[in-house]
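The values are calculated or read from the model by the stated rules, or taken from the named source; none is laboratory data. Bear in mind the structure is a predicted one, so any value in this text is a computation, not a measurement. Cβ sites come from the backbone with ideal geometry, for glycine too, and all protein chains shown count toward neighbours. For accessibility, only protein heavy atoms count, side chains too; no ligands or nucleic acids. Shrake-Rupley method; radii C 1.70, N 1.55, O 1.52, S 1.80 Å.
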Amino acid sequence: MSQPLTYYDEMKNKGYSRRDFVKFATMMAAFMGLERSAVGQIAKSMASKPRIPVIWLHFQECTCCSESFIRSSHPIVADILLDQISLDYTETLMAASGFQAEEAMQHTMNKYKGEYILCVEGSVPVEADGVYCMIGGKTSMQILEEAAAGAKAVIAWGSCACNGCVQAAKPNPTAATPIHKLVKGKPIIKVPGCPPIGEVMAGVIVHLVTFDRIPQLDALGRPKAFYSKRVHDTCYRRPFFDAGLYVESFDDENAKKGYCLYKVGCKGPVTYNACGVTKWNGGTSFPIQSGHGCIGCSEENYWDNGRLYERASAFAGFGIEATADVVGGIALAATGAGVLGHAVMTNIRKKDNIHMLEDEGKKEEKELDH
Amino acid sequence: MAKKYVHIHRLRRVYTWELPVRLYHWLNALVMVALIVTGFYISNPLVISSHQEASNRFVMGWMRAIHFIAAYIFFFNFIFRLYWGFVGNKYANWKQFIPTGKFFFKEIWQVLKIDILQLKGKEHLSVGHNALAGFIYFFTFIAFGIQSLTGFGLYASMSNWWLPKLFSWVPAILGGDIMVRQVHHWTMWFFILFVVIHVYLVFYHDYVEGRGETSSMVGGWKFIEEEAFQKDQQTAPDRRVLTDEKK
Ligand code: HEM
Ligand code: SF4
Ligand code: SF4
């Protein structure tokens, strides 16, 4: 029996040189924010370790995560991590279909029990016994349960799998549910974003391969290497924010000058992602660089949390949408009116009382003088 | 009604608010105003047109710096006040704020009837806080807590110090910073409404009762009817409370 191929073997087969391979390892180390010694570690792991089997499931989603992944700036990411090596089952990209495909998945699940990584793209609809998303006669919930049972770890790709995304927006008719609410007892790595940045996705996989354990996660279960800073903290327009210089509308003079987009609804200050550093499309640009505010695509509930082009989030209530300041202003006016009314009442109804108390006070003063 | 007060009250000077309570109060008032003003600016910065280069300006930067400095003072001051609720005199004690029995609600009702609805009846003459005020302060303490939790929850990711980092679970529970900022902003309005009502009622009590309510937070002294003071000491004696009279 031949030795299972390593990542490096597969790369060589694909025609990549040693030089390409080392460049790839270096790039990955940089994206992950690791020190230089990690480059060797990554290269060594990829040259010695057999590929990790991966099952990649698609539920309620738009496949933008897969798209982002295969368009990651370095061709090796797409070629090696996805195309050649790891994917034992993925509905979108595999050649097999129907019975054959399902069998391939069963095969991986049995053969690599406890070893394979389960990647999930999309949310799971649980309403109406899960009929809204069925594959091969099974509901997505059933498929998820089966696949998660033997997985070493679960990666939730994108905002769908992490938070439910747009299909979970009110009133969420299919009860679209994120993975962490359904899978218990397995390490889950959340990689939110709509989609997540390809390099970030590759970085998570490379981390798993290199260090044989899941990356360090923050309180929300996201890899710290990519999600510990807000877009705002790495945004090149930040000096304008700090200076108090803002775009007031998209066609004003300030917009031309490249001022901060805070007041036209930029959600950078509340969004944790690597867009400002890693950027998109091979480091070409990112939304803010092209003049549009961040919409907070990697944050929970960004689709329902207020409007995209306004700073203050509005809440629906009393049949209209109102911001805190509108409600607060009305409450303040009402309070002022109440206070005023009370003061008038006090003067009318307690006039006698006040006289009495004043007289009393005077008398007492006199008495104390004696 | 006047006939009810046939006998003449003697007023007694009672040292109600100890110095730490007064310092807490004014420090809190100061930083609260700073937090509200800078908070408004942070949430919706004014258009200040300028021909200066960005590198020469730091308006939002200063607003945020003031907000965070005031936030630390606010927080430690708040913690101190909680502590003082256990070691201070009876008028500062936590039992003034948290209902511990039926009498508390009875007194609240009485205050509501006389002071707020202005019905006729016998005035409740308390020495420290009346029960209704105390109960409302209880809610302000909760709001202080909410504001500290959400504020430091937001601040956690901007800081490397362990103290703010202790609060990084807050955004996790509320589902991200967007929600935390919402809660933080809505809670601010509670304080604004509170300040309006609080200041009004202080003046109201001073105006109607003439016991030195307003100045009591400056010097600590209130002018209390002998009768009310005796009753107050009987129900919960506290020998630490200073008064004018030698015993
Ligand atoms: C009475 C107390 C406070 C009031 C009234 C207040 C008010 C506000 C307001 C209105 C905002 C803008 C929120 C928005 O619309 O997005 C804000 C932001 C903020 N506050 Fe407070 N705050 C208070 C206490 C605190 C405390 C104790 C902290 C703790 C560090 C804090 C930290 C913050 C932070 C980090 C922000 C976000 C600033 C940014 O991202 O640029 N606040 N505050
Ligand atoms: S454009 Fe957005 S992310 Fe950039 S500084 Fe302004 S508010 Fe922050
Ligand atoms: S800038 Fe904001 S909305 Fe755009 S991709 Fe990054 S996190 Fe998503």
Mind pulling the angle between the C-alpha long axis of helix B:59-87 and the longest principal axis of chain B? Nearest 10 degrees, somewhere in 0 to 90. 40
With Cα coordinates, the longest principal axis of chain B makes an angle with the long axis of helix B:131-155, in degrees rounded to 10, of 10
Report, for the protein assembly as shown, the % of DSSP beta bridges that are antiparallel, rounded to 5. 50
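At a threshold of 8 angstrom on Cα-Cα distance, excluding pairs fewer than six apart, so keeping six or more, what relative contact order does chain B reach in percent?
Numbers: 231 pairs, mean separation 76.4, N = 247.
For chain B, the relative contact order is 31 percent.
Largest first, what is the accessible-area ranking of B:I48, A:I179, B:I192 with a 1.4 Å probe?
Working: B:I48 75, A:I179 0, B:I192 25 Å².
So, going from the largest accessible area down, we get B:I48, B:I192, A:I179.
Is the shape of the stretch A:181-319 best called rounded, prolate or oblate, per the rule: a/c under 1.5 gives rounded, else a/b larger than b/c gives prolate, else oblate, with a ≥ b ≥ c the square roots of the Cα gyration tensor eigenvalues? Present the calculation step by step, with values, prior to reporting the outcome.
Working: a/c = 2.73, a/b = 1.54, b/c = 1.78.
Oblate is the answer for the stretch A:181-319, as a/c is 1.5 or above yet b/c matches or exceeds a/b.
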Take every DSSP beta bridge with both residues inside the stretch A:7-227 and express the antiparallel ones as a percent of the total, to the nearest 5. 25
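Largest first, what is the accessible-area ranking of A:K257, B:K231, B:K222 with a 1.4 Å probe? Please list the in-between numbers first.
On the way: A:K257 110, B:K231 130, B:K222 5 Å².
Accessible-area ranking of A:K257, B:K231, B:K222, largest first: B:K231, A:K257, B:K222.
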If I ignore ligands, DNA and RNA and count only protein heavy atoms, how much of A:D129 is accessible to a 1.4 Å probe, in Å² to the nearest 10? 140
Mind listing the lone cysteines of the protein assembly as shown, meaning no other Cys beta-carbon sits under 4.7 Å from theirs? A:C62, A:C64, A:C65, A:C119, A:C133, A:C162, A:C235, A:C260, A:C266, A:C275, A:C294
Could you tell me how many degrees, from 0 to 90 and to the nearest 10, lie between the Cα long axis of helix A:198-211 and the main elongation axis, the longest principal axis, of the Cα atoms of chain A? 70
Got a number for the accessible area of A:R307? Probe 1.4 Å, square angstrom, nearest 10. 100
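What pairs from A:K186/A:K279; A:K152/B:K165; A:K44/A:K113; A:K113/A:K152; B:K95/B:K231 go past 20 Å between their alpha carbons? Mind showing how you got there, number by number?
Working: A:K186/A:K279 31 Å; A:K152/B:K165 30 Å; A:K44/A:K113 25 Å; A:K113/A:K152 8 Å; B:K95/B:K231 17 Å.
Long pairs (Cα-Cα over 20 Å): A:K186/A:K279; A:K152/B:K165; A:K44/A:K113.
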Report, to the nearest whole %, how much of the accessible area of the protein assembly as shown belongs to carbon and sulfur atoms, 1.4 Å probe, protein only. 62
Rounded to the nearest 10 Å², what accessible area does A:R213 show when all protein chains are kept and the probe is 1.4 Å? 140
For the stretch A:231-290, what relative contact order do you get, as a whole percent, if you take Cα pairs closer than 8 Å and at least 6 residues apart? 37
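Give me the mean projected area, in nm² to one decimal, of the convex hull enclosing the Cα positions of the stretch B:97-193.
8.5
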For the stretch A:7-227, the percent of all C-alpha pairs falling in each 10 Å bin, from 0 up to the bin holding the max distance, is 8, 35, 37, 16, 4, 0
Sorted list, accessible surface of protein heavy atoms, 1.4 Å probe, largest first, for A:T346, B:T100 is B:T100, A:T346
Per residue, how large is the accessible surface of chain B? Use a 1.4 angstrom probe and give square angstrom. 54
